[in-house]
1. Being surrounded by fewer than 16 Cβ atoms within 10 Å (Cβ to Cβ) and not aliphatic (A, V, I, L, M) is the filter; apply it to region 60-84 and report the residue that is nearest to the chain's Cα centre (by Cα).
2. Confirm whether Phe150 is touching a residue at least 40 places away in the same chain (Cβ under 8 Å) and either in contact with a Gly (Cβ under 7 Å, 6 or more places away or on another chain) or closer than 25 Å to Val198 by Cβ (or both).
3. If the requirement is being surrounded by 13 or more Cβ atoms within 10 Å (Cβ to Cβ), within 16 Å of ligand 2 (Cβ to nearest atom) and among the small types (Gly, Ala, Ser), which of these qualifies: Ala38, Ala42, Ala48?
4. What residue, among those in region 191-217 that are buried (at least 19 other Cβ atoms within 10 Å of the Cβ) and either under 15 Å from Phe257 (Cα atoms) or acidic (Asp, Glu) (or both), is farthest from the chain's Cα centre (by Cα)?
5. Using beta carbons and a limit of 9 Å, which pairs, at least six apart or on different chains, have the first residue in region 381-394 and assigned to a helix (DSSP H, G or I) and the second one polar (S, T, N, Q) and surrounded by 12 or more Cβ atoms within 10 Å (Cβ to Cβ)?
6. What number of residues within region 322-364 satisfy the criterion of being closer than 16 Å to Arg397 by Cβ and at pLDDT 95 or above?
7. Are there any helices (runs of 4 or more DSSP H) wholly within region 309-379 with 3 or more residues that are under 14 Å from Phe389 (Cβ atoms), and if so which?
8. I'm trying to understand the selection: among the residues of region 42-73, which are more than 10 Å from ligand 1 (Cβ to nearest atom) and under 11 Å from Tyr151 (Cα atoms)?
Amino acid sequence: MQPVDTTKPIIVPRPDHNLSRALVDDDALWLMRKLRKAGFKAFLVGGAVRDILLGNEPKDFDIGTDATPSQIKSLFRNCRLIGRRFRLAHVYFRRKGAQDKIIEVSTFRGDRPMEDTSGLKPEDLDLSGNAFGSPAEDAWRRDFTVNAMFYDISDFSIIDHTGGLDDLKKGVIKLIGEPDVRFTEDPVRMLRALEFAVRLDFAIDPGTEAGIKSNATGILAASQARLREEFRHMQQRGIMGPVLRWAHRLGLFSPLFSQAEVTDGVFELLDHYDRGGNDKRNSMEYVYVASLVMPTIVASCPLGPDTGLDTATEAVAGPTTALCSNYQISAHIRHKARELILGCYRLAKGRSYKAKAKFSRKAEFMNSFELLKCWNTINDGEYDEVVQFWDGYLAERDTPQQVQAKRRRPRRRRRPRPASKPTSES
Ligand code: ATP
Ligand code: MG
């Protein structure tokens with residue numbers, strides 16, 4: 001465990017920093033004031049302090065306090081205690097016509113299990129051995145120096161135990177403590193370092209970067225669910241390409257995605273989808289799955305008119321299914337990723353593809369065509385001919401409006417058949 005640095009924190013008084021209360025969420029302010037009135041410490045912690053100091057809008061406002069979870073719960077009616085490993089409190093705020101706002105309030109944590117827990121209530125006890133600590137201990141057990149600053153509501157000062165203010169000025173993501181210790185303790189921090197560096201356009205401290213390199217395979221010990229959660233954040237922010245490119249340079253990529261054996265083209269595909277609209281990215285986990293395995297699939301099964309669709313189906317299934325099961329990605333997303341790539345194999349058949357009309361009206365068609373065009377650009381126009389064919393096909397094909405208009409046009413009345421003449425026999 002980390003020895004706690006006993007040097008005094010840097011305290012920046014209100015006139016000397018730009019974190020104004022006007023930039024802090026009203027409910028978070030209310031919460032901190034209420035904790036204060038009840039005699040507890042109340043700090044704004046983590047990402048919100050970092051983001052406001054950088055002039056960015058925080059995603060959420062987390063609060064740190066010396067009140068125990070049960071004390072927090074008795075102060076706030078709209079509060080639920082969560083977490084088995086670390087107990088923390090979620091305080092809910094109703095919002096008209098929107099989802100409830102949740103503010104996370106956590107008791108300062110330390111490193112060592114508490115020797116005497118007799119004063120604590122059962123709801124304060126958790127699997128971590130209940131290591132409540134001082135604000136300094138709490139700061140030192142956070143991940144990066146820029147994520148470990150506090151804003152103290154009692155005097156509006158910034159408290160910096162780990163050198164975060166300096167790193168914020170320098171634009172550096174620096175791990176707190178010894179890389180070998182901290183990355184073994186929680187390997188997800190390696191991915192988070194890259195994520196924050198890309199997101200904030202920061203450098204990574206050389207010691208931290210070297211630590212990632214030498215601990216890279218340790219990422220295999222991380223919880224897949226937590227890694228997937230980090231990937232989802234990266235997708236929403238449109239930074240999958242640069243983060244995973246960096247991960248590749250540091251040896252973190254292949255332990256994360258052993259199914260993506262061939263990486264030529266992966267990062268360009270990710271960049272392409274990163275540039276997509278925000279709403280689009282939220283529901284597009286499947287395009288990222290497809291981007292990761294596409295080059296590997298194409299390397300084993302040529303993307304061209306002569307590849308049978310049965311063969312392609314099998315080739316697509318292998319790495320896609322393996323990646324999805326590794327990260328417990330749903331069958332629905334797996335299916336969409338497979339169809340997206342398989343669509344490229346259908347398109348690669350060009351003129352000779354029999355079900356052109358039917359396929360071209362399906363929703364997957366345009367998505368697969370987008371992927372094929374992007375793959376074509378990455379591969380210097382290798383598929384120009386087939387792309388031109390489908391562009392031409394689409395231009396000639398009826399537009400949906402034309403199809404509608406045809407449907408609306410009144411049917412021609414059939415001329416009534418002449419009444420059949422009675423035959424001579426009848
Ligand atoms: P975001 O804007 O993405 O929410 P954040 O800094 O708030 O960024 P969170 O994942 O919400 O990040 O975590 C909140 C805080 O908890 C971090 O700022 C950091 O201090 C601490 N933290 C999060 N994950 C870890 C970890 N794996 N190890 C140590 N501290 C962590
Ligand atoms: Mg956060």
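1. Asp60
2. yes
3. Working: Ala38 fails: within 16 Å of ligand 2 (Cβ to nearest atom); Ala42 fails: within 16 Å of ligand 2 (Cβ to nearest atom).
The unique qualifying residue is Ala48.
4. Asp205
5. Taking only residues 6 or more apart or on different chains, the pairs are Asp384/Asn376; Val386/Asn376; Val387/Asn376; Trp390/Ser360; Tyr393/Ser360; Leu394/Ser360.
6. Adding up the residues that qualify gives 2.
7. Details: elements: 309-326, 331-348, 356-360, 363-378.
Where helices (runs of 4 or more DSSP H) fall fully within region 309-379 and carry at least 3 residues being under 14 Å from Phe389 (Cβ atoms), they are 331-348, 356-360, 363-378.
8. Selection gives Ala42, Phe43, Leu44, Ile52, Leu53, Ile63.
The values are calculated or read from the model by the stated rules, or taken from the named source; none is laboratory data. Keep in mind it's a predicted model, so treat the numbers as computed, not measured. We place every Cβ from the backbone using ideal geometry, glycine too, and count neighbours over all the protein chains shown.
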